[in-house]
Amino acid sequence: MSDAASGYERVAADFLAARGNVAGRGMGVAEVRAWARSLPPGAAVLDLGSGSGLPLTKLLVDAGLAVHGVDASPTLVEAFRRNLPGVPVACEAVEDSRFFGRRFDAVMAWGLWFLLPAAVQRALPGRVADVLLPGGRLLFTAPAEEGSWTDVLTALESRSLGAAAYRQALAEAGLAMLREYEDEGQNHYYEARLAPE
């Protein structure tokens, strides 16, 4: 039986203690803040694997963006609702989500992609492309190297398909790679854009 929350419901209390209760600092903050500033004012953003909403979703909200979160962990979604009251969030697995039945200017998936099964990782760019408006942007993190490892927090296997496979999946979905880079914690970022009409 698969775990829709990729092990995070089981370790939600540990996750919240380590990362999910801190606003404004931590890995990814500078990169997500810069990305948020590159989006149009009031842009609609879908945050996949939004967790408790802290610190990254809050950065998007504070930047004046219209954010919707999706996370499969009921405990983390409950924390999200406490941390960001009034911000829409759905408690569902990314692979099962209807993504609010709407389209977005941008989609972010920080620290999620490599937790998903390989087939879901390959299919996700197509699902993202389906909900992006023309010219819409995607930001996600996943290691550039292909391989698998045991996640420190959940003790479950994580898998990176590798940068070449991610680039190919993005291209097949009609998403053009804009750039790749790493932060101080060696998190590898992929920024892509759906072609404008």
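When segment 171-197 is filtered for residues that are under 15 Å from F114 (Cα atoms) and touching a Pro at 6+ places or on another chain (Cβ under 6 Å), only H188 remains. Looking only at residues in segment 37-87 that are over 16 Å from the mean Cα position of the chain (by Cα) and of a type in the set (S, T, Y), the one that is surrounded by the most Cβ atoms within 10 Å (Cβ to Cβ) is T75.
I'd like the full set of residues that are buried (at least 18 other Cβ atoms within 10 Å of the Cβ) and either under 16 Å from the mean Cα position of the chain (by Cα) or modelled with pLDDT of 95 or more (or both), limited to segment 143-157. Within segment 143-157, just P143 meets the criteria.
Suppose we filter segment 158-197 for residues that are part of a strand (DSSP E or B) and either of a type in the set (A, V, I, L, M, F, W, C) or surrounded by 14 or more Cβ atoms within 10 Å (Cβ to Cβ) (or both); how many remain?
Let us first name the residues in segment 158-197 that are part of a strand (DSSP E or B), namely 158-160, 175-182, 188-194.
After this cut, where a residue has to be either of a type in the set (A, V, I, L, M, F, W, C) or surrounded by 14 or more Cβ atoms within 10 Å (Cβ to Cβ) (or both) as well, the list is 158-160, 175-178, 180, 188-194.
Total satisfying the criteria: 15.
Of the residues F114, F99, F104, F140, the single one that is surrounded by 19 or more Cβ atoms within 10 Å (Cβ to Cβ), over 25 Å from E9 (Cα atoms) and not small (G, A, S) is F104. Residues in segment 78-94 that are closer than 20 Å to G42 by Cα and touching a strand residue (DSSP E or B) at 6+ places or on another chain (Cβ under 6 Å): 3 in all. Scanning segment 152-160 for residues that are closer than 19 Å to A36 by Cα and either touching a strand residue (DSSP E or B) at 6+ places or on another chain (Cβ under 7 Å) or among the aliphatic types (A, V, I, L, M) (or both) turns up nothing. For beta carbons closer than 9 Å, sequence separation of 6+ or different chains, a first residue in segment 118-137 that is closer than 12 Å to P196 by Cα and a second that is of a type in the set (K, R) and at pLDDT 95 or above, the qualifying pairs are L132/R103; L132/R193; L133/R103; G135/R193; G136/R103; G136/R193; R137/R193.
Of the residues that sit in segment 16-36 and are in a helix (DSSP H, G or I) and at pLDDT 85 or above, which one is surrounded by the most Cβ atoms within 10 Å (Cβ to Cβ)? Steps first, please.
The first filter runs over segment 16-36 and keeps only residues in a helix (DSSP H, G or I), leaving 16-20, 29-36.
Of the ones still in play, those that are also at pLDDT 85 or above are 29-36.
Details: V29: 17, A30: 13, E31: 22, V32: 24, R33: 16, A34: 10, W35: 22, A36: 22.
Per the stated criteria, the residue is V32.
Filter segment 117-137 for residues that are surrounded by fewer than 15 Cβ atoms within 10 Å (Cβ to Cβ) and not small (G, A, S); which is farthest from L60 (Cα to Cα)? Let's see the steps before the verdict.
In the first step, residues of segment 117-137 are kept if they are surrounded by fewer than 15 Cβ atoms within 10 Å (Cβ to Cβ); the result is 117-119, 126, 130, 134-135.
Filter again for not small (G, A, S), leaving 117, 130, 134.
Values: P117: 27, D130: 22, P134: 20 Å.
That would be P117.
For the subset of segment 78-106 comprising residues that are part of a helix (DSSP H, G or I) and either among the basic types (K, R) or without any contact (Cβ under 8 Å) to a residue 24 or more places away in the chain (or both), which member is farthest from P125 (Cα to Cα)?
Pass one, segment 78-106, residues part of a helix (DSSP H, G or I): 78-83, 99-101.
Imposing the further condition that a residue be either among the basic types (K, R) or without any contact (Cβ under 8 Å) to a residue 24 or more places away in the chain (or both) reduces the set to 78, 81-82, 101.
Working: E78: 27, R81: 27, R82: 30, G101: 17 Å.
Filtering first and then ranking leaves R82.
Residues in segment 55-77 that are of a type in the set (A, V, I, L, M, F, W, C), modelled with pLDDT of 95 or more and in a loop (DSSP other than H, G, I, E, B): 2 in all.
The one condition from (1) assigned to a loop (DSSP other than H, G, I, E, B); (2) modelled with pLDDT under 95 that L39 does not meet is (2).
The values are calculated or read from the model by the stated rules, or taken from the named source; none is laboratory data. These figures come from a predicted structure and were not determined experimentally. Cβ coordinates were reconstructed from backbone atoms using ideal geometry, including for glycine residues, and neighbour counts include every protein chain displayed.
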